[in-house]
Amino acid sequence: MARAARPLVIAHRGASGYLPEHTLVAKALAFGQGADYLEQDVVATRDDELIVFHDLTLEDTTDVAQRFPGRQRADGHYYCRDFDLAELRTLGVGERLGADGRPRYPGRFPGAGGRFGIPTLAEEIRFIQGLVRASGRIVGIYPEIKDPGWHRAGGIDIGVKVLATLEECNHGGMRLPVFLQCFDPAELQRLRSRCDPALPFVLLIDSAAGPPSSGELERIADYAQAIGPSLKLVCPRWTAGEGQATTLVADAHRAGLAVHPYTFRRDDLPAGVAGFDELLHLFLLRQRVDGLFTDFPDLARAFIDRHLPG
Ligand code: CA
C-alpha cells in the first residue's frame, strides 16, 4: 500500500491560495512551505506539447481573450488544444475568475501583482528537480492526466505521453517520488501494464459519483494504490460542529488503498465548518487520511507538525 508514516501535504496546483495556480512561483512557494508533493494537471497543446494547466480551456486563468480575439470555438471557449505552445507562451496567467468574471477567491493574489506564464510538464519537473538539488529536501510530483478520452478523440494519447515525459525527465536527472492521478479508471487500467509496476496510481473520485462500495474499492485496488475522493465523499455533512463522516476511509484502508482527499481551502470551507483547523482535525486526526490536496500547504504542514510530529 502507498501509505506513508505521516500524512502527505499535496500542494494543489502549487500554493494556489497565495499565487496563481500552476505557475512556477506557486510551486516554489509550496516547496518552501514544506509540501511533500507538488501537483501538475496536464493538458495538450495543438502541437502535442504537454503543459501544466488545469482546464481544457484558457479563459478563466489567462488573458487569451485579449491576446487572441476570434480564436474561440463556436461554444465561446478558447481551448488549449487549439493553440501551439509558442502562442501559449505569450499568455499571462492570473488568478482564476468565476462565471461572473470576478475573482473566484477574492482574498487571493491581486490581478495586477505580476506576470506569470504557463510551464510545460518537462520544464516544471526540471524546475522541481533544481529546487531539490539546491536545497537537499526531497519533494514529489503528482501529475494528473486530464480528460484522456477527450484528448484521444482529438488525436493524442496523453496518458502514454505523460509516462514518456516522466521517463525522459528521470533519464540523466533526479528520480523524484511520483503519484500518477486520473479521474478515468479505464485510463489507469490501460496504463498499468505500460509503466513501472512500482509507480503508484491514484483514482480520483468526484462527489457526484457517490462513495464506492467495498467491492468497488477492491476492484480499484487491482490497478491503483490510492483513491483521491472529493472531501465531501468522506464527510458529506457538518452539524453542530461535528462532521458526519462516511465509512469510506476505513473501507479504502481495508481494501489496501491509501486515501488522499481534495480540496482543502481555508477560504472555501464546507458548510457548517467553523475553521480550517477543524476541517484538518476531522480528516487528519479522526479519519486518518494518508494525505490531502490543499491550496494552503503551509497550514496543513503546520497542523501535521503540531499534532502528528515525526
Ligand atoms: Ca488536479
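Values in this text are rule-based calculations from the coordinates and carry no lab data. Note that the structure is a prediction, hence the values are computed from the model and not measured. Cβ: placed from backbone, ideal geometry, glycine included. Neighbour counts: every protein chain shown.
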Show the residues, 5+ positions off or on another chain, whose built amide H is closer than 5 Å to the amide H of G140.
Y37, L38
Taking amide H positions as placed in the peptide plane 1.01 Å from N, state which residues far from I205 in sequence (5 or more) or on other chains have amide H under 5 Å from it.
G228, S230
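Taking only DSSP H segments of four or more residues, each worth -39500 (n - 2.57), what value at 222 nm results for the chain once the sum is divided by all its residues, to the nearest 500 deg cm²/dmol? Mind dumping the intermediate values first?
Working: 12 runs with 93 residues, N = 310.
Computed mean residue ellipticity for the chain: -8000 deg cm²/dmol.
Would you mind working out the magnitude of the charge dipole of the chain relative to its Cα centre, with +1 at each Lys and Arg C-beta and -1 at each Asp and Glu C-beta, to the nearest 20 Debye?
580 debye
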Going by Cα centres, segment 68-94 and segment 165-220 are how many Å apart?
29 Å
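Taking square-rooted eigenvalues a ≥ b ≥ c of the alpha carbon gyration tensor, is segment 169-310 rounded, prolate or oblate, where a/c under 1.5 means rounded and, failing that, a/b exceeding b/c means prolate?
Values: a/c = 2.15, a/b = 1.38, b/c = 1.55.
Judged from the Cα gyration tensor, segment 169-310 comes out oblate (a/c at least 1.5, b/c at or above a/b).
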Once amide hydrogens are built 1.01 Å from N within the peptide plane, the residues lying 5 or more places from G291 or on another chain with amide H under 5 Å from its amide H are L8, V259
Give the share of C-alpha pairs in each 20 angstrom bin for the chain, from 0 to the last occupied bin, in whole percents, shortest bins first.
33, 61, 7
Whole-Hz ³J(HN,Hα) for each residue in segment 225-234, computed from phi via Karplus 6.51 cos²θ - 1.76 cosθ + 1.60 with θ = phi - 60°, x for glycine and proline: what do you get?
9, 8, 10, x, x, 3, 4, 5, 6, 7
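If packing is taken as the average number of other Cβ atoms within 10 Å across a peptide's residues, how do 174-180, 54-60 rank, most packed first? Mind dumping the intermediate values first?
On the way: 174-180: 17.6, 54-60: 19.9.
Peptide ranking by packing, descending: 54-60, 174-180.
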